[in-house]
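In what follows, a single structure is set out as structure tokens and then discussed.
The values are calculated or read from the model by the stated rules, or taken from the named source; none is laboratory data. Note that the structure is a prediction, hence the values are computed from the model and not measured. Heads up, the Cβs are rebuilt from the backbone with ideal geometry, glycines too, and the neighbour counts pull from every protein chain shown. These area figures cover heavy atoms from the full protein model, side chains too; ligands, DNA and RNA do not enter into them. Shrake-Rupley method; radii C 1.70, N 1.55, O 1.52, S 1.80 Å.
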Amino acid sequence: MYHIFQISSEVFRAFGLKMKILLTLVFSGLLIWSVALVSFSNDFNNQLLVATSNVSRESETPRDKLIGGLLTADFDEGSCLSRYQQSLLYRKASPYKPSQYLVSKLRSYEKLHKRCGPGTDAYKKATEILGHDDENYASKSVGECRYIVWVAVYGLGNRILTLASVFLYALLTERVVLVDQSKDISDLFCEPFPSTSWLLPLEFPLMKQIDGYNKGYSRCYGTMLDNQAINSTLIPPHLYLHILHDSRDNDKMFFCQKDQSLVDKVPWLIVKANVYFVPSLWLNPTFQTELMKLFPQKEAVFHHLARYLFHPTNQVWGLITRSYNAYLSRADETLGIQIRVFSDRAGYFQHVMDQVVACTRRENLLPEPAAQEEPKVNISRSQKLKAVLVTSLYPEYSETLKNMYWERPSSTGEIIEVYQPSGERVQQTDKKLHDQKALAEMYLLSLTDKIVTSARSTFGYVAHSLGGLKPWLLYQPTGPTAPDPPCIQSTSMDPCHLTPPSHGCEPEWGTNSGKVVHFVRHCEDRGNDGLKLFDEL
Ligand SMILES: Nc1nc2c(ncn2[C@@H]2O[C@H](COP(=O)(O)OP(=O)(O)OP(=O)(O)O)[C@@H](O)[C@H]2O)c(=O)[nH]1
Ligand SMILES: [Mg+2]
């Protein structure tokens, strides 16, 4: 027994010794090997990281924060984050590039504005003449600086479109544009021109009178024509231009070549407008030559001007970026739907909802909900996510759409996420936060991939044109049923000039203004009315 134990303990001791040596060898081998492996894999990972970052750096097209030279680099970034961040972080590169001629014209305009803007001697001198209302400027040189004052009237969509129109007119006629700041414009937009201001000083001599200007005012251009109170030998120091939906034929003579030679001599123009009047400027042969050089792609006029002029303030940019990051940034595809109801008793209407659904299905913008729940065995985590941004005064439209895709799956398997930032119910123009939300929503719509907008809505026009998107326009219902067809895709992204001149200028008085030049035609959403720029024939 003892023997057996003694032998086996010796065997074990000998075996244990060998085991120890063996284990030590194995462990140290493993250790050396794993150290080698770790350092190799670190090296490999590092190399992989360098390689992939090179690839992503190479494959990522460098974003152009100045948008092809449209923007000047002369601004401090922090004071207006949207100006340079829009193209760096939120927008796809626009397929529409500004012409070099437009870029150089903008740089010259910026210099002119700096020389003539508020606070300069030139501005002071120019305002002094406003005190002498009886003076005739026919034979006087009015100095280098002539001005056009934009007055804020009507909804925000109208304001944005008219301010862009007034600015283009200023570019064409070498005037300086100044902006009525009595409303909330500076809560919405940053200054667009460096080292100066576009805000009309509150002490402007005509400030108190401007509110009351209308068609009946003796210095209204149409009224002066009616009264034969203006001609080449009788030029007033200021003129009021009435470019609104109720303008008379004589007010619209403003667009004609002969009239422009008179208007040009007036040092101060004050404009109230609620329509996008750019298309009518193209009907004037003098402007047309210049406009062709500025905008070789005609339908991109507002697109470029808006990206140059309208930079949301940091507060509005916060609204935009928070919404974008929370609801749109992760989607594979985004669709914007703007629903504007024009009727005395506005609100949620079933026929408007039916129209939106009919349009988005017919045009393959949204999938059909499936007839029944499919028993899915293979669950895929890579389903496509489509985000739908709805904007409307009424929250019921997006709620209905959201329910539709919750109650039934989509026939394509896509995940449909519906989001509506606000539902203000009533228009509250000039209320700061209301207007800021309206601007944020127009801007967010402009960031979507495809867009459906309501006919006749300036809110929708701003959104699609700023985004460079040819919209699907929802026809305006004429009764309590959805129009058939429900919508049409526009072949041009530029906004429509509602209530344009219906006539030509002499000698072709009576010509249909939609038939004067082939690229200015009636708007798809307005039947035989409205004027719009088209590149596609
Ligand atoms: N936030 C938000 N406000 C809206 C919306 N629709 C209309 N509004 C408000 O109502 C105003 C409507 O005026 P516009 O912006 O000129 O739009 P429009 O569709 O041309 O309407 P009208 O000018 O009344 O013919 C907007 O500026 C907002 O104040 C919307 O979808 N979202
Ligand atoms: Mg409007």
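Are any of the residues in region 309-326 in contact with a His (Cβ under 9 Å, 6 or more places away or on another chain) and within 16 Å of ligand 2 (Cβ to nearest atom)?
Pass one, region 309-326, residues in contact with a His (Cβ under 9 Å, 6 or more places away or on another chain): 317.
Narrowing the set further to residues that are within 16 Å of ligand 2 (Cβ to nearest atom) leaves none.
Within region 309-326, not a single residue is in contact with a His (Cβ under 9 Å, 6 or more places away or on another chain) and within 16 Å of ligand 2 (Cβ to nearest atom).
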Please state which one of ASP246, ASP259 is modelled with pLDDT of 95 or more, under 24 Å from LYS532 (Cα atoms) and in a helix (DSSP H, G or I).
ASP259
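Counting only residues that are basic (Lys, Arg) and either under 21 Å from the mean Cα position of the chain (by Cα) or buried (at least 24 other Cβ atoms within 10 Å of the Cβ) (or both), how many does region 144-174 have?
From region 144-174, those basic (Lys, Arg) are 146, 159; that's our starting set.
Adding the requirement that they be either under 21 Å from the mean Cα position of the chain (by Cα) or buried (at least 24 other Cβ atoms within 10 Å of the Cβ) (or both) leaves 159.
Of the residues in that region, 1 qualify.
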For region 389-420, what are the residues that are touching a residue at least 60 places away in the same chain (Cβ under 8 Å) and open to solvent by 50 Å² or more (accessible area, probe 1.4 Å)?
GLU417
Would you check which residues across region 452-477 are assigned to a loop (DSSP other than H, G, I, E, B), small (Gly, Ala, Ser) and open to solvent by less than 10 Å² (accessible area, probe 1.4 Å) and list them?
ALA455, SER457
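Can you tell me which residue among VAL452, VAL462 is within 16 Å of ligand 2 (Cβ to nearest atom) and among the β-branched types (Val, Ile, Thr)?
Numbers: VAL452 fails: within 16 Å of ligand 2 (Cβ to nearest atom).
Result of the check over VAL452, VAL462: VAL462.
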Tell me which residues, restricted to region 294-317, are part of a helix (DSSP H, G or I), open to solvent by 10 Å² or more (accessible area, probe 1.4 Å) and closer than 12 Å to LEU81 by Cα.
ASN314, GLN315
For region 276-287, give me the residue count where each residue is open to solvent by 10 Å² or more (accessible area, probe 1.4 Å) and either assigned to a loop (DSSP other than H, G, I, E, B) or within 14 Å of ligand 2 (Cβ to nearest atom) (or both).
1
Could you check region 225-269 and list, in sequence order, the residues that are under 20 Å from GLU144 (Cβ atoms) and open to solvent by less than 10 Å² (accessible area, probe 1.4 Å)?
ILE235, PRO236, PRO237, HIS238, LEU239, VAL263, VAL266, PRO267, TRP268, LEU269
Looking only at region 149-175, how many residues end up being more than 14 Å from ligand 1 (Cβ to nearest atom) and either among the basic types (Lys, Arg) or not in a helix (DSSP H, G or I) (or both)?
5
When you go through PRO98, PRO118 one by one, which is the residue that is outside any helix (DSSP H, G or I) and touching a Pro at 6+ places or on another chain (Cβ under 8 Å)?
PRO118
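Checking the conditions here, which among LEU202, LEU188, LEU178 is buried (at least 17 other Cβ atoms within 10 Å of the Cβ), of a type in the set (A, V, I, L, M) and away from ligand 1 (no atom under 14 Å from the Cβ)?
Details: LEU202 fails: buried (at least 17 other Cβ atoms within 10 Å of the Cβ); LEU188 fails: away from ligand 1 (no atom under 14 Å from the Cβ).
Result: LEU178 is the single residue among LEU202, LEU188, LEU178 that is buried (at least 17 other Cβ atoms within 10 Å of the Cβ), of a type in the set (A, V, I, L, M) and away from ligand 1 (no atom under 14 Å from the Cβ).
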Given the structure, is GLU333 surrounded by 16 or more Cβ atoms within 10 Å (Cβ to Cβ) and not aromatic (Phe, Trp, Tyr)?
no
ALA370 vs (1) open to solvent by 10 Å² or more (accessible area, probe 1.4 Å); (2) within 16 Å of ligand 2 (Cβ to nearest atom): all pass except (2)
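For every residue, the table says whether it meets (1) under 18 Å from the mean Cα position of the chain (by Cα); (2) within 16 Å of ligand 1 (Cβ to nearest atom).
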position: SER261; (1), (2): no, no
position: THR289; (1), (2): no, no
position: MET292; (1), (2): no, no
position: LYS298; (1), (2): yes, no
position: ALA306; (1), (2): yes, yes
position: PRO312; (1), (2): yes, yes
position: ILE320; (1), (2): yes, yes
position: SER323; (1), (2): yes, yes
